[in-house]
Amino acid sequence: MKARTVTAAWGLIVAAAIIGVPLALRDRLPDPMAVHWGIGLAPDRAASLTANVVSNLAMWGVMWLSLLGVALHGKVFGRRLGRMYFWGALFGFGVLALGTTGSALLTNLDVPSWTQARLEGWQIGLVLCAALGAALLAGYLGRGGLDQRPPEGEQPPRLRLRPGQRSVWVSRVANPWLVGLSVAAAVGMVVTGVLELAGVSGDGVTLWILPGFVIVLVTGLLTSSLSVRVTQDGLAIGFGPFGWPVRRIRLSKIDRAWSEERYPSQVGGWGFRGVPGSATLMLRGGDCLILRYRSGGQLAISVDDAERGASLINALIAERVDA
């Protein structure tokens, strides 16, 4: 409740400043006013005061409403890293919105024409430093306590296997957005090829568009889905629709396994996150299979029915120890 209240209040404060300050200074601003600066920080685009206010409010509104949705969901606050990212983004982007609005107003203040509203380099540096400082400070102050880890003495979930029984667990997960991106890239390749054959495309356009589509398609196929298979031989992670390439992890390397809810906001986003020893394969938020290596590292995999997979892994590990 506190996070939702702070997020809502901060968003309204920033929105009120974006609207109220320009309106209070409108008699001292040119009409239209400079809203964009190009090379040499000279103004190259102008807009009315109303259009400028609406544009700034819309940009802040998209970010604020997105963060408000995260706060209402609440899952981001389950992890220390997630809390740091959230508070840093909320106050960092808020200060950035206020700084860009204030800098534009200061540049346009009391000038006879928008063409004379020249932006100073120090203003850009000050705004960026203030936004970064606010993000770091808010993230540090909002980090809270350490994440709660599964107690070392707690018995991990384990299936009961009959002597000689062979069991296999298979699960698969896909990210629909990445799948859609791959499909769009494939369509783009076909359209580009047809236009090239028809002689409609411009000179050299295919040379840089088509390779881009190919890269997006291949990358999307390899990262849009994965499958996890657990057998007596260990765990195999297959990437892409064809389950290749494959990463294999022997049971002798795994200490224990469990399931846990994790979300992209907690691990830094979607995709392959982290570093060796503490990595995450995040294709969708929610149920994740967590592996703890005997070396002390961890691997988290977002996959369906993770608890059953963890139970089988622990049962197979116990079976090897008993043998």
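So if each residue of separation counts as 0.36 nm, and I subtract the Cα-Cα distance between Thr231 and Ser295, what length gain in nm does that give?
In short, 20.9 nm is gained.
Which of Met59, Met282, Met84 has the fewest other C-beta atoms within 10 Å, and how do the rest follow up to the most?
Starting with the residue having the fewest Cβ neighbours, the order is Met59, Met84, Met282.
Would you mind ranking Val21, Val187, Val168 by Cβ crowding within 10 Å, fewest neighbours first?
Ordered by Cβ neighbours within 10 Å, fewest first: Val168, Val187, Val21.
Count neighbours as other Cβ atoms within 10 Å of each site's Cβ, and list the chymotrypsin sites (Phe, Trp or Tyr not before Pro) in segment 235-320 that are DSSP loop with at most 16 such neighbours.
Phe242
Could you check the simple spin-label distance between Val194 and Thr5, using points 7 Å along Cα→Cβ, in nm with one decimal?
The answer from the label model is 5.8 nm.
Please give the length that would be gained between Ser113 and Ala16 if that part of the chain were fully extended, namely 0.36 nm times their separation in residues minus their C-alpha to C-alpha distance (nm, one decimal). Don't jump to the answer; show the numbers that get you there.
Values: separation 97, 0.36 × 97 = 34.92 nm, distance 2.65 nm.
Taking 0.36 nm per residue and subtracting the Cα distance, the gain is 32.3 nm.
Could you list Ile209, Ile13, Ile301 so that the one with the fewest beta carbons within 10 Å of its beta carbon is first and the one with the most is last?
Ile13, Ile209, Ile301
For Ile249 and His36, compute 0.36 nm times the residue count separating them, minus their Cα-Cα distance, and round to one decimal in nm.
Extra length from Ile249 to His36 when fully extended: 71.3 nm.
Read-outs: derived from the displayed coordinates by stated rules, not from any lab. No experiment lies behind these values; they were computed from the predicted model shown. With ideal geometry, Cβ positions are generated from the backbone for all residues, glycine too; neighbour counts draw on all protein chains shown.
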